[in-house]
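Remarks on the structure that follows.
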Amino acid sequence: MACSDAIGMRLFSALCALIACCIAPFPSAHAREGDIDVDVELVLAVDVSYSMDPEEQKLQREGYIEALNSPEILNAIKKGVNGKIAVAYVEWAGVASREIVADWHIIEDAESALQFTRKLVERPVRRFSRTSISGAIDFAVPMFRNNNFRGLKQVIDISGDGSNNQGRPVERSRDDALAEGIVINGLPIMLNRPVAGYRDVDNLDHYYADCVIGGPGAFVVPIRERAHFVDAIRTKILLEIALIPDDPLPIQKAQTQTPRSDCMAGEKMWRERWENN
């Protein structure tokens, strides 16, 4: 499901309220007695590879901070079945560069949102080499196990500006996550600026749709202009809060689809780059 970042915030606020009033719970497979009920368990997995320039990384971090503190998000959370969500913020690049910047935290009002986003404000943004979307997914999946929350759904939210070029094939990581009942959504950053000495896939949004996202209601929200960071992030989180399925859909494996993208394109381009040098 593709979603334009130009969709109005008022429409999504209304959508959140409507769906939240009509849905049935979809409990976590790892839920235990004593876990805290939340509407969504959400891992925000954010690209900090060198292909993102410092200004883009700053915009990205600020976009999440502003979105999570926005009235639209807070109102949508309050109108949910449980009136709260659990969020964690992870930054990733290559397979050796994954870090939990802000661990699991309940957001249910302005104060709790500020407490969580203050952790993002206080941490400097770092940059690392390579791009391992599969590594980010594999790092995030265990975070849902025994985290003391019982969400109506579990979501890994991947934002990045390139294709997988390190680690295991991305579709295998995706399929393993889907097998555990986790939904993966995508925020491909498509600003059309060249990276010195390296080209990436055309139509990154297609690559994300074909190779990265999956699960009930999974979607992609592309960012094509720097000015759209905040709106796109806010739109995406609103959808993640609102779109809670009545019944889990069958897992769609990569090999059962007819993709528009080569899911190994990033690995092939990286190999060609070094073979030609």
Out of (1) small (Gly, Ala, Ser); (2) at negative phi; (3) buried (at least 16 other Cβ atoms within 10 Å of the Cβ), what's the single condition that is false for Gly181? (2)
Kindly list the number of the only condition in (1) touching a Lys or Arg at 6+ places or on another chain (Cβ under 9 Å); (2) surrounded by fewer than 18 Cβ atoms within 10 Å (Cβ to Cβ) that fails for Ile77. (2)
Residue under question is Leu187, and the condition is that it be surrounded by fewer than 23 Cβ atoms within 10 Å (Cβ to Cβ) and either outside any helix (DSSP H, G or I) or of a type in the set (Lys, Arg) (or both); does it hold? no
Look at segment 38-62 and say how many of its residues are within 14 Å of the chain's Cα centre (by Cα) and within 15 Å of Leu239 (Cβ to Cβ). 3
Residue ID - nearest to Glu41 (Cα to Cα), chosen from residues in segment 103-157 that are in a loop (DSSP other than H, G, I, E, B) and of a type in the set (A, V, I, L, M, F, W, C): Leu152
Out of segment 135-170, which residues are surrounded by 24 or more Cβ atoms within 10 Å (Cβ to Cβ) and within 13 Å of the chain's Cα centre (by Cα)? Ala136, Ile137, Ala140, Gln154, Val155, Ile156, Asp157, Ile158, Ser159, Gly160
Out of curiosity, is Glu72 acidic (Asp, Glu) and buried (at least 23 other Cβ atoms within 10 Å of the Cβ)? no
Checked Arg118, Arg127, Arg61, Arg123 against criteria (touching a Phe, Trp or Tyr at 6+ places or on another chain (Cβ under 6 Å) and surrounded by fewer than 24 Cβ atoms within 10 Å (Cβ to Cβ)); the one match is Arg127
If you take the residues in segment 57-102 that are among the hydroxyl-bearing types (Ser, Thr, Tyr) and in a loop (DSSP other than H, G, I, E, B), which one is farthest from Arg226 (Cα to Cα)? Ser97
What are the pairs with Cβ atoms under 9 angstrom where one residue, in segment 213-229, is on the phi > 0 side of the Ramachandran plot and surrounded by fewer than 21 Cβ atoms within 10 Å (Cβ to Cβ) and the other, located anywhere, is in a loop (DSSP other than H, G, I, E, B) and of a type outside the set (Asp, Glu)? Sequence gap at least six, or different chains. Gly217/Met1; Gly217/Lys153; Gly217/Leu243; Gly217/Ile244; Gly217/Pro245; Gly217/Leu249
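Rule-based calculations on the coordinates, nothing more; no lab input. Model, not experiment: these values are computed from the prediction. Positions of Cβ are backbone-derived with ideal geometry, glycine not excepted, and every protein chain shown enters the neighbour counts.
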